[in-house]
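Written out below as structure tokens is the structure these notes cover.
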Amino acid sequence: MNETVTITVKIPSHVYAELALRIPEGERSIFIREAIIEKLQKTPRPEKILELEEKIQRLEEEISRIKSSLADLEVLTYTRGEVNPHAFCIDEIDHKIINYLIHYRGATTSEIAEALKVNRWLILNRLKRIRTKSKKQIGKPIIEYYAGQKAGKTKAWWLNEEIIEQ
């Protein structure tokens, strides 16, 4: 056996009472040592978790590149109503932004910020993030920015109605 180190552990008195009832006095240290070793074997190492996260990230990037290429080649197509725009939201503000765009079909960042009573820059950052996330996941953005005049609005964000579900 390797060199041992003594540790002190505080446990609730009811847990100690249960330990004293079930485990004879001379075997408690062995029991606790084995319990700790068993628990450590079940707990993944942080570097393994990080390694798996990195692999998953690389796979997601490769899949998004493939989807983007297929969408560019028009091999990957979307039927109307196939994509749920709320799938790219992370919180209530994102859901409100998408709901506003669904209701009005398009809006400027200032219009959305005024309606939701939040900072315009927050809206802008959220719109950009939703656009990037959707493009990365499905190959096409679900919202697009158009700087010109469209439907009476200038410099506005528009839903890509070809791919979202209504």
Quiz item: Which of the following residues is at pLDDT 90 or above, assigned to a helix (DSSP H, G or I) and not assigned by TED's automatic domain parsing to the domain that holds G139: K96, K10, K39?
Solution: K39
Practice problem: May I ask you to say which residue of E111, E144 is charged (D, E, K, R) and more than 30 Å from I66 (Cα to Cα)? | Solution: E111
Quiz prompt | Residue list for the stretch 114-166, filter: crowded, with 19+ Cβ neighbours inside 10 Å, more than 13 Å from V83 (Cβ to Cβ) and in contact with a helix residue (DSSP H, G or I) (Cβ under 7 Å, 6 or more places away or on another chain) | solution = I123, R126, L127, W157
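This table checks each residue for (1) exposed (fewer than 10 other Cβ atoms within 10 Å of the Cβ); (2) modelled with pLDDT under 80; (3) not assigned by TED's automatic domain parsing to the domain that holds L116.
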{"site": "L21", "(1), (2), (3)": "yes, no, yes"}
{"site": "G26", "(1), (2), (3)": "yes, no, yes"}
{"site": "I30", "(1), (2), (3)": "no, no, yes"}
{"site": "E51", "(1), (2), (3)": "no, no, yes"}
{"site": "E60", "(1), (2), (3)": "no, no, yes"}
{"site": "V83", "(1), (2), (3)": "no, yes, no"}
{"site": "D91", "(1), (2), (3)": "yes, no, no"}
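The values are calculated or read from the model by the stated rules, or taken from the named source; none is laboratory data. Since the model is a prediction, treat every value here as computed from it, not as a measurement. Cβ: placed from backbone, ideal geometry, glycine included. Neighbour counts: every protein chain shown.
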